[in-house]
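The values are calculated or read from the model by the stated rules, or taken from the named source; none is laboratory data. In this text, all values refer to a predicted model and were calculated from it rather than measured experimentally. Here the Cβ positions follow ideal geometry from the backbone for every residue, glycine too, while neighbour counts run over all protein chains shown. Side chains included, ligands, DNA and RNA excluded: accessible areas come from the protein's heavy atoms. Shrake-Rupley method; radii C 1.70, N 1.55, O 1.52, S 1.80 Å.
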Amino acid sequence: MQFSDKLKTARQQRQLTQAPVAEQIHVSPKTISSWENGRSFPDLGTLVRISDYYGISLDQLLREDERIMDHYETIDKQVQRDRRIFQITYFANVILLILAVIDQAAWAQGGSLRGWLTPLLVINLGILASHYPAYREWFNTWAHRLLLIILFLGISTPFIVKYLHDGLSTASMASNHAAYDIGYMLGGIIRTFGLTLSVIYAVFGFAELKETH
């Protein structure tokens, strides 16, 4: 018997409609209908709730249905791939962050790597953010949101003020360099935002990194 048929049979044997089942499992009746018609499958967390609700073991629910087994195998492969990408981009972020610190000293001596370092940092952060484990959970509570805002403003504000001050000072000395100064300030702000996020990911991502091993 297919997974979809097992769900429908279990519900009908208990003389239930889709609405109360959906309420207990915390999904919509439309989702229940989609499962029972074989158009989609529940995630693993919901699958456990279904097993508990109907009193049917996971082995009984999944056995004999190759489609759902293939579905979860595909999800598992995707999770493993995302974990590998996260690990690679996390370490790349740490390396780029160290290079950024070295670059700051080099810039003070008249040299600079930031022409290629900042774009690499921003691109890597985008990939890291999109593969960060359970990243949506960070935005589910106001406590997490407030923490991120405080960290972001606390780290970035001094550097932004510095870039604005340097840019405005240069502009006051040579008005014909206005376009350059604006570019300098915008580049400095983007770089600061990138470095701020890089530090946050380096700190909080370490715990996630241990979870992926």
Taking the dipole of region 31-88 about the Cα centre (Lys, Arg +1; Asp, Glu -1; charges at Cβ), the one of Pro42, Ile85, Leu58 that reaches farthest to the positive side is Ile85
Taking the Cβ of Gln24 as the center, what net charge do the other residues with Cβ under 14 Å away carry, scoring Lys and Arg +1 and Asp and Glu -1?
+1
Using a 1.4 angstrom probe on heavy atoms only, work out the carbon and sulfur share of the accessible area of region 4-43 in %.
44 percent
